[in-house]
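Below is one structure, written out as structure tokens; the observations come after it.
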Amino acid sequence: MPAFQPVRGMRDLIGEEAQTFTHIIAKARETASLYGYKEVITPHVEPLELLSAKSGEEIRQRMFIFKDLGERLVALRPEFTASIARLTTTVLKNEPKPIRLFSVGTVYRYDEPQRGRYREFWQSNFELMGSSKPEADAEIVLLTNNLMASLGLHSYAFKIGHIGVIRGILSQDGVDEKTQNAVLQRMDKKEYDSALKLVESDKCRKMLEGLLEIRGNDWLDTVEQLQSYVSNYEKAKIAAGNLAQVLKLVAESTNVNITVEPAFARGLEYYTGMIFEIYIPGLDIALGGGGRYDRLIEAFGGEPTPAVGCAHGIDRVAIALHTQKTTVAAKTEKKVVVLPITEAMKSEALKIAQLLRANGLTVEFEVMGRKMAKALEDADKRKTDFAVIVGEIELKEGAVVLKDLASRQQSIVSIDKLLEKIKS
């Protein structure tokens, strides 16, 4: 029988790669705690109707969909926001606003596998529900900035836009919502010619073409250009003003690299306001992104609830750390192996191993029945710091042999001094 491999687009994480992922997740949890976000755990499988309602045509086509044994159509979650919206309309509907929620785990999309794009991938997700204020949008950008900085990434930049600018232009020129969604999906993929062909009005098409020309590293200058450009489009003008408020709050509260792109779009249909993505030089895939979605909770049967959120691709952040040669510090606790010399010493040796673990040491116990020389050789390969050798003669004196595997020196140490000796 051939050896089994992971399903295409899914992978095993082993050793340093797994350590990097757990490090990123720990930093995401730390960020959630710093900003007051409460962690929730939602199912991997949700009703198809929930997940497809506002996700966008491209994501709907890439979901893992199947029938359960009750003939109900369900799917693996392609992102977290729909599940969080479900929570907000049900068990959390009476919670005081704002509600800040954090979640982390795997999500699933049937994409063509390539670097930074897998069919099973990891995300950390932050949602702030109940506030329509620009400071809520600013908070989502700032916590993303905090997470990237805490991981040691550098030279990263935010690409920021406002979906209300594009929708404001399209709406005023009579483009229906379905066509708007199709235009935005193509703009998200930078298929601008294809997007413009969907717009019948020459005036509207020229307005969108003009948006593509407005961009720059000086966010203040770019936003002023944008506000002037859309001055005859009331909803687009309001959106541009809102974007200016958000950016002012972000820029004045921290040092962050911002590029404003008025023609920037994201694939999810539920966005209504500010949207953003984050990049590092030399890597053309977004490490994370998000934005405002003020009508999603209502669409799922809840009270009208403004909301803003973001997700960070843990797989992609790991690639970014590798690209920038940012090392993830290994745990610095001493690593110990406990070796009983004879069968009769096993119980006492296990007791010593438990004592050391209870005091925070990483301890491996010899479970292979190897001879002492082989066990010590194996401990060396595993980069173990100390071997605690439990023998009958020493144990009668309440002691063990402690061997420093780096220096090869060993000494007899009383059990009550063993922890102190190892830690020193």
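The values are calculated or read from the model by the stated rules, or taken from the named source; none is laboratory data. Since this is a predicted model, take the numbers as computed values, not measurements. All Cβ positions, glycine included, derive from the backbone under ideal geometry; neighbour counts span all protein chains shown. Surface areas here come from the heavy atoms of the whole protein model, side chains and all, with no ligands, DNA or RNA. Shrake-Rupley method; radii C 1.70, N 1.55, O 1.52, S 1.80 Å.
If I filter the stretch 235-255 down to residues being of a type in the set (Val, Ile, Thr) and open to solvent by 30 Å² or more (accessible area, probe 1.4 Å), which single residue comes out as nearest to residue 312 (Cα to Cα)? Ranking the qualifying residues of the stretch 235-255, first place goes to 254. The residue pairs whose first member lies in the stretch 93-109 and is over 19 Å from residue 301 (Cα atoms) and among the small types (Gly, Ala, Ser), whose second member is in a strand (DSSP E or B) and open to solvent by less than 70 Å² (accessible area, probe 1.4 Å), and whose beta carbons are closer than 6 Å, counting only pairs six or more residues apart or on different chains, are 103/125. For first residues located in the stretch 4-20 and open to solvent by 60 Å² or more (accessible area, probe 1.4 Å), partners that are part of a helix (DSSP H, G or I) and lie 6+ apart or on another chain with Cβ distances below 8 Å form the pairs 17/318. Here residue 315 fulfils each of the conditions (1) open to solvent by 30 Å² or more (accessible area, probe 1.4 Å); (2) of a type in the set (Asp, Glu); (3) closer than 29 Å to residue 83 by Cβ apart from (1). Every condition in (1) at pLDDT 95 or above; (2) part of a helix (DSSP H, G or I); (3) buried (at least 20 other Cβ atoms within 10 Å of the Cβ); (4) not hydroxyl-bearing (Ser, Thr, Tyr) is met by residue 30 except one, and the failing one is (3).
Evaluate the following for residue 111: is it open to solvent by 10 Å² or more (accessible area, probe 1.4 Å) and over 15 Å from the mean Cα position of the chain (by Cα)? Answer is yes for this residue.
When the stretch 8-35 is filtered for residues that are more than 16 Å from residue 105 (Cα to Cα) and more than 17 Å from the chain's Cα centre (by Cα), the ones remaining, listed by number, are 8, 9, 14, 15, 16. Residues in the stretch 225-234 that are touching a residue at least 12 places away in the same chain (Cβ under 8 Å), closer than 21 Å to residue 259 by Cβ and open to solvent by 20 Å² or more (accessible area, probe 1.4 Å): 227, 229. When 53, 82, 75 are screened for being more than 12 Å from residue 109 (Cα to Cα), among the aliphatic types (A, V, I, L, M) and either surrounded by 20 or more Cβ atoms within 10 Å (Cβ to Cβ) or in contact with a strand residue (DSSP E or B) (Cβ under 6 Å, 6 or more places away or on another chain) (or both), only 82 passes.
Okay, residues lined up against (1) assigned to a helix (DSSP H, G or I); (2) of a type outside the set (A, V, I, L, M):
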| residue | (1), (2) |
| --- | --- |
| 8 | no, yes |
| 22 | yes, yes |
| 26 | yes, no |
| 46 | no, yes |
| 66 | no, yes |
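Is it the case that the stretch 63-72 has a residue that's out of contact with any helix residue (DSSP H, G or I) (no Cβ under 7 Å at 6 or more places or on another chain), at positive phi and either surrounded by fewer than 19 Cβ atoms within 10 Å (Cβ to Cβ) or modelled with pLDDT of 95 or more (or both)? Yes, the stretch 63-72 has at least one match. In the stretch 380-403, the residue that is surrounded by the fewest Cβ atoms within 10 Å (Cβ to Cβ) out of those that are on the phi < 0 side of the Ramachandran plot and under 40 Å from the mean Cα position of the chain (by Cα) is 381.
Only a single criterion out of (1) open to solvent by 20 Å² or more (accessible area, probe 1.4 Å); (2) of a type outside the set (A, V, I, L, M, F, W, C); (3) part of a strand (DSSP E or B) is not satisfied by residue 103, namely (1). Can you pull out the residues in the stretch 103-131 that are of a type in the set (Gly, Ala, Ser) and closer than 22 Å to residue 267 by Cα? Those that are of a type in the set (Gly, Ala, Ser) and closer than 22 Å to residue 267 by Cα: 103, 105, 116, 124.
Which residue, of 313, 291, is touching a Cys at 6+ places or on another chain (Cβ under 8 Å) and at pLDDT 95 or above? Unique residue meeting the criteria: 291.
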